[in-house]
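Below is one structure, written out as structure tokens; the observations come after it.
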Amino acid sequence: MPIRTIVWGENVHEQTNKTVATIYPRGMHNCIADALNADPAISATTATLQEPEHGLTAARLAQTDVLVWWGHAAHGDVQDDVVARVADAVWGGMGLIALHSAHFSKIFKKLMGAPCNLSWREAGERERLWLTSRHHPIAAGLPEHFELENEEMYGEPFGVPEPMETVFVSWFQGGEVFRSGLTWRRGAGNVFYFRPGHETYPTYHDANVQLVLKNAVKWAHNPAPRIADPNVAPNRTTENAPEKITERGPSLHVKGQEGFR
Ligand code: ZN
């Protein structure tokens, strides 16, 4: 079965900015989904901010292996209950790929537990991405470096926890550098952040970028069954301890009582 993927798009600047609408007439989310669907191992659909529950109902997330997230201008408009639902899905094993300005999305910040801040400049600079983890599956088939002629600059320090692996670093024409491809595991879910993708440039039409996204979906896919409730915190009673023990000392909880959350 192909990897069931949702490309979530904020879909705001496509409607309000002529440049963005010209580069992505069907929205960035459809451009990315089309690129993913060119690979028979992936089956990508889309969801947007404007749909009820942002297109991310519990039923749909339960049938999703990997969620790709692009947002920029309207992070604050994403409902907190949907963010909590997506976080549960990731902890339960769904993959998440956060793109570009999704560094400030509610879901990415929640999963990172960090400011996720960076420096930036919109000057159409050349970006050169260097592969730093040559045998990483996300880098499969890529040259040791590739360039995007026009991109927004993101500069270090990037306020995220130390990643599992750094797959790419970027150099920008103005001199800054940035860790532009980073992996983490959160619960049972694989998380990848990929930096390029400013909406006024045709980044998601680039063949190397598309290859990274296809590789990233395959890497993020966890084929194990989803953990039904990744938040469960059961009290294992004295009687149920793997080794026989007797209770000692004072106790706060009454037998059978739910723990504090
Ligand atoms: Zn941007």
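Every number here is computed from the coordinates shown, using simple stated rules; none is lab data. Quantities reported herein were computed from a predicted structural model and do not represent experimental measurements. For neighbour counting, all protein chains shown are included, and Cβ atoms are generated from backbone atoms with ideal geometry for every residue, glycine included.
Of all residues in the stretch 121-148, how many are more than 20 Å from the chain's Cα centre (by Cα), of a type outside the set (Gly, Ala, Ser) and within 16 Å of the ligand (Cβ to nearest atom)?
The qualifying residues number 6.
Checking residue 197 against (1) on the phi > 0 side of the Ramachandran plot; (2) touching a Lys or Arg at 6+ places or on another chain (Cβ under 7 Å), which test does it fail?
(2)
So which of 115, 163 ends up being of a type outside the set (Gly, Ala, Ser), touching a Ser or Thr at 6+ places or on another chain (Cβ under 9 Å) and away from the ligand (no atom under 16 Å from the Cβ)?
Matching residue, one of 115, 163: 163.
Taking the criterion of being within 16 Å of the ligand (Cβ to nearest atom), more than 24 Å from residue 159 (Cβ to Cβ), in a loop (DSSP other than H, G, I, E, B) and not acidic (Asp, Glu), would at least one residue in the stretch 214-229 satisfy it?
No.
Can you name every residue in the stretch 187-212 that is more than 15 Å from the ligand (Cβ to nearest atom) and either crowded, with 21+ Cβ neighbours inside 10 Å or under 11 Å from the mean Cα position of the chain (by Cα) (or both)?
189, 190, 191, 192, 212, listed by residue number.
Rundown of residues vs (1) assigned to a loop (DSSP other than H, G, I, E, B); (2) touching a strand residue (DSSP E or B) at 6+ places or on another chain (Cβ under 9 Å), yes/no style:
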position	(1), (2)
22	no, no
35	no, yes
61	no, yes
64	yes, yes
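Any residue in the stretch 73-82 that is of a type in the set (Gly, Ala, Ser), in a helix (DSSP H, G or I) and more than 16 Å from the ligand (Cβ to nearest atom)?
So far as the stretch 73-82 goes, yes, one or more of its residues are of a type in the set (Gly, Ala, Ser), in a helix (DSSP H, G or I) and more than 16 Å from the ligand (Cβ to nearest atom).
Find all pairs meeting these conditions: Cβ atoms under 8 angstrom apart; at least six residues apart or on different chains; first residue within the stretch 185-201 and farther than 17 Å from residue 116 by Cβ; second residue in a loop (DSSP other than H, G, I, E, B) and near the ligand (Cβ under 10 Å from one of its atoms).
Listed pairs, sorted by first residue: 199/72.
With the structure loaded, tell me whether residue 178 is in a loop (DSSP other than H, G, I, E, B), under 20 Å from the mean Cα position of the chain (by Cα), within 16 Å of the ligand (Cβ to nearest atom) and of a type in the set (Phe, Trp, Tyr) or whether it fails that test.
Judged against the criteria, residue 178 is not a match.
Test residue 43 against the criterion of being within 16 Å of the ligand (Cβ to nearest atom) and either without any contact (Cβ under 8 Å) to a residue 12 or more places away in the chain or of a type outside the set (Phe, Trp, Tyr) (or both), and give yes or no.
When the stated conditions are applied, residue 43 does not pass them.
Just give me the residues in the stretch 59-85 being of a type in the set (A, V, I, L, M) and closer than 27 Å to residue 20 by Cα, in sequence order.
66, 67, 68, 73, 74, 78, 82, 83
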